[in-house]
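Below you'll find the structure, written out as structure tokens, and then a few comments.
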Amino acid sequence: MSTATWNLDSTHSSIDFTVKHMGLFTVRGSLGTITGSATTEEEALTGVTLSIDISVISTGNEQRDGHLKSPDFLDVAQFPTVEFKSTSVEAKGGADYSVSGDLTIHGITKPVTLAVSTVPPVKDPWGNTRAGVTGSGTLLRSEYGLTYNSVMETGHALISDEIKFTFDVQAVSA
């Protein structure tokens, strides 16, 4: 059986998110630099470990980014990274997998399961073998102690609890 280790390519990887503001508008952002590794056996995904430097979170608005980094939200001085470590990977057919693992945000670890699709390996122009994973999901920020909010006179929360995210992660064979 052929086992391979893959190093995540931070330059060509991203995790983006959306959250509703005032119950009406969608705010979009990117989390930050992603590092980590993945393992495969016979080209089938078997594990993933990653770390995201959230001190560089970006929504395109410097004041909002500063507030997100503050103790009101992510408190990046105390919790500078988001961590994920897979605990199981289940093949769903073709390029699709169900990846379960432990997600740590703001010092709180919760189990999550993500539906992902793999991108088959290719040789780049420099002779490296590259592959990738794409996917999306949702989480409730309150489950990770991120509860800053206020209720507007319309009854809507200023900031929704639900955060939607998408990811495109590229890796290079080690």
By the gyration tensor of its Cα atoms, with a ≥ b ≥ c the square roots of the eigenvalues, what is the shape of segment 112-174: rounded for a/c under 1.5, prolate for a/b over b/c, or oblate? prolate
Once both labels are modelled 7 Å past Cα along the beta-carbon direction, what's the S55-W126 spacing in nm? 2.6 nm
What value, in deg cm²/dmol to 500, does the helix sum -39500 (n - 2.57) over DSSP H runs of n ≥ 4 give at 222 nm once divided by the residues of the chain? -1000 deg cm²/dmol
Using 24 Å as the Cα-Cα cut-off, could you pick out the over-long pairs in K110/K164; K20/K69; K92/K164; K20/K85? K20/K85
Over segment 3-163, the quotient of the Cα radius of gyration and 2.2 N^0.38 Å is 1.14
Size of the dipole of the chain about the Cα centre, Lys and Arg at +1 and Asp and Glu at -1 on the beta carbon, nothing else charged, in debye to 20? 140 debye
Among T113, I159, T26, whose Cα sits farthest toward the positive end of the charge dipole of segment 3-163 (+1 at Cβ of Lys/Arg, -1 at Cβ of Asp/Glu, about the Cα centre)? T26
Distance in nm between S88 and V172 label points, each 7 Å along Cα→Cβ, equals 3.5 nm
Dipole of the chain (Lys/Arg Cβ +1, Asp/Glu Cβ -1, origin at the Cα centre): which of S173, S86, G60 lies farthest to the positive side? G60
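Add +1 for every Lys or Arg and -1 for every Asp or Glu among the other residues with Cβ under 14 Å from the Cβ of T81, and state the total.
-2
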Net charge of Cβ neighbours under 11 Å - reference T134; Lys, Arg +1; Asp, Glu -1: -2
FRET efficiency, H12 to D96 (Cβ-Cβ, R0 25 Å, nearest 0.05): 0.70
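Read-outs throughout are calculated quantities, based only on the coordinates presented, and are distinct from any laboratory measurement. In this text the structure is predicted, and so the values were computed from the model without any measurement. When we count neighbours, we look across all protein chains shown, and the Cβ atoms used for this are built from the backbone with ideal geometry, even at glycine.
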